Amino acid sequence: MKKRKKEKKTPVLALVENDPWLEPVAQQVADRYERYKTRLEQIEKEHGSLVAFADAYNYLGINYDEARKGWTYREWAPHAHSLFLIGDFNNWNRVSHPLRGGEKGVWDIFLDEETYRHTFVHGSRVKVLVHGANGARERIPAYIRRVVQDEVTKDFAGQLWFPAPFDWKENGFDVQNVKPLLIYECHVGMAQEREGVGTYREFADHILPRIKRNGYTALQFMAIAEHPYYGSFGYHVSNFFAPSSRFGTPEDLKYLIGEAHGLGIAVIMDIVHSHTVKNVNEGINEFDGTEGQYFHPGGRGEHPSWDSKLFNYGKREVLQFLLSNLKYWLKEFHFDGFRFDGVTSMIYFHHGSTTFDRQEKYFTEGVEWDAITYLQLANRLIQEVRSGAVSIAEEVSGMPGLCRPIREGGIGFNFRLAMGIPDYWIKLLKEKKDENWDIQEMWQVLNDRRPDVGTIAYVESHDQALVGDKTIAFRLMDREMYDKMGVREESLIIDRGIALHKLLRLFTLSLGGEAYLNFMGNEFGHPEWIDFPREGNGWSYKYARRQWSLADRQDLKYRFLNQFDIQMLQLVKEYGVLNVTYGTQLFMDDWHKTIVFEKAGLVFVFNFHVNQSAAGYRIPVPLEGTYRSVLSTDNPLFGGHGRFDESIDYP
């Protein structure tokens, strides 16, 4: 008689235990965790630890060998026929410095300091000539730490960078003390008022004080990693370990980060590991002569909408490349975390182009499991390298467990961007008249999130500011902004626009999440769109800048919006508004379009009606007592009309 084999029981992880809706996919959640554990165990067995595995940037690329007294250049190019180091140091001789092929497809060459101390020098240019199935091509080393563009030929090349050790002055900064998270999203190049490309040092010296004064606690920088096309906003990265030389040197970037830390401001990097440029000359596409070195071969390696290449996250060397990139930015530049771009695109083969109408779809239809494992490893690594660092996902599908600990079956992010909120405001402003706004729908949208998911709320980001779209301010006021923003000018359109701009920001900040984001300039209603230099605009920088003087001028109404932003952020800090996940609804008046709720001991009253502003209006309150106004959008200091008496105590 045969003994019946025991069926293996699926372990139920905390993610499923805490959410009964996930019970049908308990096995898939467990499998997701097992894949992560298996990969991590493999890495630890081969390399000792995940942190050691992510140290590839100190092995591959060009590094000084203290023991041998010279420079070693190593490149992973498994299918290349031969490699030759070329550059200023050897007058670009294409055959004099061959690399030696070794194990696991890694090529190397050693240049002793005695021989090359006067030629292999700081600031000189280098490339590598790769012979492969696609011919002989001059390439930029994959792990190069600086890339520069020739002003005449417009050709990009690697640049040797051997600076003196940087003297960090961060005033004892600790990212774990940065609370609440109030993010100022910015782009260094277009942060200056002059028509041209701004620099890291200009930003540090001129823009940082503004951000500190307004009360933001974190910066989120776009376009840091080198990218060949300026107008890509930095989302078509070519050189992952090179800070963009358009804005200055690596030391200039360190200076900027150090200055921010000295002011108590965290610095988050917009990291693009979801795809990369197709460019063969500037990027890593077909580096060893094949399309499958870093990417999936064929159609799976092509993004249908972004005209870019997709990484093969299942390959050990690709994992090491990307994880090493994270460690590099954290260790070498002291970044305090990352906002991961395009997470939805990463974790699904369909890149999110479907409707998630049932839980099973998150786990059974077109899921890129290797990408999810990479993100889990990335989030573990980030905390091991810099405890308390911030990890943010740009993810729109609502993948369960996105912001839950990995041990619970989650993916390990701290926050996700509430991308549905700005989309909702745009749709509302475009499609409905003010008198048709549905306050029940507004409440639902701002509260539509899982209680266990850290959420960053925002009214608008850089997407809404780009050419072809409009910022909230421009949607509200449009052409009136050109000649009706003077404090002596009268305009009902401007009055409405300023009032709603303040209301939408405060409503979103107070209800939409546990953190808040603003794109630079939007806090004072920066007019017009962002349009980078291109052939269609005569390569002009007129719209690729920020006009800070608008907010400084006493004769313009922009200063009202900016002053309100300062007071709004001060309010949420003082009362700990973002420490509370949800507000408690107290009253909903559809006729007057009035929403009343309590949060963090404050009673918020929003009236969105175009003309219904009742005198002696009575509202329920959570506790008996006397109430006093702490912030009114109608205060004349903020461009309001002073119709609400803030000096009165309300019993």
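Observations
- Separation of the stretch 354-373 from the stretch 433-490 is 31 Å, based on Cα centroids.
- Percentage relative contact order, the chain, counting C-alpha pairs under 8 Å, at least six apart: 11
- Close amide-amide hydrogen proximity is noted between Phe311 and no other residue 5 or more places distant or on a separate chain, at a cut-off under 5 Å (H modeled in the peptide plane; Pro and chain starts excluded).
- Cα-projected label distance for Arg213 with Val610, points at 7 Å along beta-carbon direction, nm: 3.8
- Förster radius 56 Å - calculated FRET efficiency between Val12 and Arg496, Cβ distance, rounded to 0.05: 0.55
- Each part gets one Cα centre, and for the stretch 556-612 versus the stretch 8-62 those centres are 41 Å apart.
- Counted residue by residue at 0.36 nm each, then reduced by the alpha carbon distance between them, the extension gain from Arg553 to Glu251 reaches 105.3 nm.
- Calculated accessible area for the chain comes out at 43 Å² per residue, all protein chains present (probe 1.4 Å; ligands, DNA, RNA ignored).
- Two-site FRET efficiency, Ala136 against Phe349, from Cβ-Cβ distance with R₀ of 45 Å, rounded to 0.05: 0.85
- Rounded to 5, percent antiparallel among DSSP beta bridges of the chain: 65
- 30 Å Cα-Cα threshold exceeded, pairs from Lys45/Lys331; Lys212/Lys593; Lys69/Lys331; Lys45/Lys327; Lys212/Lys327: Lys212/Lys593
- FRET efficiency estimate (nearest 0.05) - Cβ-Cβ, Thr115 to Asn447, R0 60 angstrom: 0.35
- Under 16 Å from Lys127, Cα to Cα: lysines that are on another chain or at least 8 residues apart: Lys154
- Near the amide H of Ala544, within less than 5 Å, lie the amide hydrogens of Asp531, all on another chain or at least 5 residues away, with H placed in the peptide plane.
- The stretch 596-610 residues near the modelled Thr581 label - backbone nitrogen below 18 Å, point 7 Å along Cα→Cβ: 598-601
- Among residues other than Pro451 with Cβ under 14 Å from its Cβ, the summed charge is 0 (Lys and Arg +1, Asp and Glu -1).
- Highest mean packing comes first when the peptides 416-424, 345-353, 14-22 are listed by Cβ atoms within 10 Å, giving 416-424, 345-353, 14-22.
- Contact order for the stretch 289-407, expressed relative to its length and based on alpha carbon pairs under 8 Å spaced 6+ residues apart, stands at 28 percent.
- Lys, Arg +1 and Asp, Glu -1 on Cβ, resulting dipole of the chain about Cα centre, debye, nearest 20: 1360
- Calculated [222 nm] ellipticity per residue, helices only, for the chain: -8000 deg cm²/dmol; basis is -39500 (n - 2.57) per DSSP H run with n ≥ 4, divided by all residues, nearest 500.
- Principal axes of the stretch 499-547: Cα extent on each, largest first, Å: 43, 23, 15
- Fraction of accessible area attributable to carbon and sulfur, the chain (%, probe 1.4 Å): 48
- Working ranking of peptides 593-601, 212-220 by packing, defined as the average number of other Cβ atoms within 10 Å per residue, highest first, is 212-220, 593-601.
- The stretch 621-650 and the stretch 322-342 have Cα centres lying 44 Å from one another.
- J(HN,Hα) series, the stretch 195-210, from Karplus relation 6.51 cos²θ - 1.76 cosθ + 1.60, nearest Hz, glycine and proline x: 7, x, 8, x, 10, 4, 6, 4, 4, 4, 7, 10, 9, 3, x, 4
- Net +/- balance of residues flanking Lys212 in space, Cβ distance below 15 Å, scoring K and R +1, D and E -1: -2
- Net charge of neighbours whose Cβ lies under 12 Å from the Cβ of Arg145, counting Lys and Arg as +1 and Asp and Glu as -1: -2
- Amide H to amide H, with H built 1.01 Å from N, Arg139 comes under 5 Å of Val128, Leu129, Val130, counting only residues 5 or more places away or on other chains.
- Relative contact order of the stretch 222-328, defined on C-alpha pairs under 8 angstrom at six or more residues apart (%): 21
- Relative packing of 536-549, 224-237, 82-95, 163-176, which averages over residues the other C-beta atoms within 10 Å, highest first: 224-237, 82-95, 536-549, 163-176
- Applying the Karplus relation 6.51 cos²θ - 1.76 cosθ + 1.60 with θ = phi - 60° to the stretch 536-552 yields 3J(HN,Hα) values of x, 10, x, 6, 8, 9, 4, 9, 9, 7, 10, 8, 4, 4, 4, 6, 8 Hz, where x marks Gly and Pro.
The values are calculated or read from the model by the stated rules, or taken from the named source; none is laboratory data. Given the structure is predicted, the values throughout are model-derived calculations rather than measurements. A quick note on method: Cβ atoms are made from the backbone with ideal geometry, for glycine too, and the neighbour counts reach across all protein chains shown. Side chains are part of the model used for accessible areas, which takes the heavy atoms of the whole protein and leaves out ligands, DNA and RNA. Shrake-Rupley method; radii C 1.70, N 1.55, O 1.52, S 1.80 Å.
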